[in-house]
Amino acid sequence: MDMPKRMKFGSFLGPFHRVGENPTLAMDRDLDLIDWMDSLGFDEVWIGEHHSAGWEIISSPEVFIAAAAQRTRYIKLGTGVVSLPYHHPLMVANRMVQLDHMSRGRVLFGVGPGALPGDAYMMGIPHETQRERMDESLTTIMRLFNETEPISVKTDWFELNEGMLQLRPYQQPHMPIAVASIQTPAGVALAGKHGAAVLTITVPRDPSAGPADLKGLWSIAEESAAEHGKEMNRHDWRLVLPVHLAETRKEALDDVRMGSAQYLREYSEGTNGRKPVFDGPMDKVVDNMADSGAWVIGTPDDCIEAINRLQEQSGGFGGFLVQTVDWAPRDKVLRSYELMARYVMPQFQGTVASTIASNQWATERQETLVAGRVRAIDRAKQVYADRQG
């Protein structure tokens, strides 16, 4: 199992906001959450692009990232993802390079084919062409990032005539690139073709089907990379999972009991038409999803156990992202991230190993050290008494 010495932690911010609430305030809360994560020491946050269905309301992750970059200091900001078939590749490349400079190298470039069928339908994009177009677009963008001479490309949906970037990327040779992998092998295969990172995003699925074949997905990525003369790095592989933490498992479950059921029934199944994964009552949805391991709902120790289990199932990965759902009161959501930063992240980043070792060293020598302290105090008292005498 290949684990990094320091795992990356962050959020995958669709975002998911229930239909019917104030969208302006919802986006403000998303920005506030990123501020909070920045102060807690999270590594990164990825922001999605969606144009329909009413729940995932950020249409331009680039605009959102520009605002977030002005409010934060350290956290890296990624597109999670730019839906490449929706845009001309030169425009995508130029926007990302501009963000790279404006953020002083804190931008990450995540790409995908577009997840919501309504988006492609409104733009007249045939659904069966989306993954092929993503490949054509990313191949062109990579050339723009890496080549300085003008390039020309003509496909059945875009044309580039002697294209070149007038501004080179701030990060060299370019910002980190990740490809989303959700339901098909196409994402990991494309990541392998370019030696890019992988964002494996979970969708609600039937728990009785067992865990996803993570090792199989990674094998496809490595096979594709070998075919194209590239190498894959497990430490750049991020897994995305819904998470909510509290001091007790009961509290965590109760925090999201109704919000999680609304997300699953109203959006995943009701709006997007995904096959129901649980036919029981609404108030038991979260118990079912947590018990199956599809969601991590519980204490920090439960989260640590889940990450270790995913490491075993996958063979090793380097980043753990919370698929953020606006499913609990605000203070509970912020508290969940704080608990992760205080108790979960240190276990996978090596930051508590030395304090644990130091504590153990002192505990094992307690008798000797205490005896020495007592002798020192007795001597000090005697010296004082002698001076007074």
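Residues checked against (1) at pLDDT 95 or above; (2) loosely packed, with under 14 Cβ neighbours inside 10 Å; (3) under 27 Å from residue 349 (Cα atoms):
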{"position": "238", "(1), (2), (3)": "yes, no, yes"}
{"position": "275", "(1), (2), (3)": "no, yes, no"}
{"position": "286", "(1), (2), (3)": "yes, no, no"}
{"position": "291", "(1), (2), (3)": "no, yes, yes"}
Among the residues listed as 307, 297, the single one being in the same structural domain as residue 78 (by TED's automatic domain parsing), among the hydrophobic types (A, V, I, L, M, F, W, C), within 30 Å of residue 1 (Cα to Cα) and not in a helix (DSSP H, G or I): 297
Pair list, Cβ under 8 Å, 6 or more apart: segment 114-137 residue in the same structural domain as residue 272 (by TED's automatic domain parsing), other residue loosely packed, with under 15 Cβ neighbours inside 10 Å and hydroxyl-bearing (Ser, Thr, Tyr): 127/121; 131/184; 133/155; 136/155
Residue 347 buried (at least 17 other Cβ atoms within 10 Å of the Cβ), of a type in the set (S, T, N, Q), in the same structural domain as residue 196 (by TED's automatic domain parsing) and part of a helix (DSSP H, G or I): yes
Output for segment 60-98, where each listed residue is among the small types (Gly, Ala, Ser) and either at pLDDT below 95 or not in a helix (DSSP H, G or I) (or both): 60, 78, 80, 83
Qualifying positions in segment 1-30 - β-branched (Val, Ile, Thr) and either buried (at least 23 other Cβ atoms within 10 Å of the Cβ) or in contact with a Gly (Cβ under 6 Å, 6 or more places away or on another chain) (or both): 19
Residue pairs meeting the criteria (Cβ under 9 Å; at least 6 apart or on separate chains; first in contact (Cβ under 8 Å) with a residue 60 or more places away in the chain and of a type in the set (D, E, K, R), in segment 22-33; second assigned to a helix (DSSP H, G or I) and surrounded by 11 or more Cβ atoms within 10 Å (Cβ to Cβ)): 29/330; 29/333
Single residue of segment 50-68 satisfying the filter (closer than 19 Å to residue 111 by Cα and touching a residue at least 40 places away in the same chain (Cβ under 8 Å)) that is surrounded by the most Cβ atoms within 10 Å (Cβ to Cβ): 65
Among the residues listed as 283, 302, the single one being within 22 Å of the chain's Cα centre (by Cα), touching a residue at least 24 places away in the same chain (Cβ under 8 Å), more than 23 Å from residue 78 (Cβ to Cβ) and in a helix (DSSP H, G or I): 302
Of residues in segment 341-365 being closer than 15 Å to residue 40 by Cα and among the hydroxyl-bearing types (Ser, Thr, Tyr), the one farthest from the chain's Cα centre (by Cα): 351
Wholly within segment 186-279, helices (runs of 4 or more DSSP H) carrying at least 2 residues that are in contact with a Phe, Trp or Tyr (Cβ under 6 Å, 6 or more places away or on another chain) and assigned by TED's automatic domain parsing to the domain that holds residue 313: 257-262
Within segment 241-259, tally of residues that are over 14 Å from residue 340 (Cα atoms) and buried (at least 24 other Cβ atoms within 10 Å of the Cβ): 1
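Scan segment 318-331 and give yes if some residue there is surrounded by 11 or more Cβ atoms within 10 Å (Cβ to Cβ), assigned to a helix (DSSP H, G or I) and in the same structural domain as residue 20 (by TED's automatic domain parsing), otherwise no.
Scanning segment 318-331, I find at least one residue that is surrounded by 11 or more Cβ atoms within 10 Å (Cβ to Cβ), assigned to a helix (DSSP H, G or I) and in the same structural domain as residue 20 (by TED's automatic domain parsing), so the answer is yes.
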Residues (among the β-branched types (Val, Ile, Thr) and either in contact with a strand residue (DSSP E or B) (Cβ under 7 Å, 6 or more places away or on another chain) or over 19 Å from residue 97 (Cα atoms) (or both)) located in segment 128-160: 129, 140, 151, 153, 155
Top-ranked residue in segment 122-167 [being small (Gly, Ala, Ser) and in a strand (DSSP E or B); ranked as farthest from residue 59 (Cα to Cα)]: 152
The listed residue being assigned to a strand (DSSP E or B) and among the small types (Gly, Ala, Ser), out of 11, 52: 11
Any hit, segment 354-373, residues being touching a residue at least 24 places away in the same chain (Cβ under 8 Å) and part of a loop (DSSP other than H, G, I, E, B): no
Selected residue [of a type outside the set (Asp, Glu), crowded, with 20+ Cβ neighbours inside 10 Å and at pLDDT below 95] from 216, 210, 187: 187
Hits in segment 104-115 (condition: modelled with pLDDT of 95 or more and either surrounded by fewer than 22 Cβ atoms within 10 Å (Cβ to Cβ) or aliphatic (A, V, I, L, M) (or both)): 104, 105, 107, 108, 111
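The values are calculated or read from the model by the stated rules, or taken from the named source; none is laboratory data. Since the structure is predicted, the reported quantities are computational estimates derived from the model, not experimental observations. Quick reminder, even Gly has a Cβ in these numbers, built from the backbone with ideal geometry, and neighbours come from all protein chains shown.
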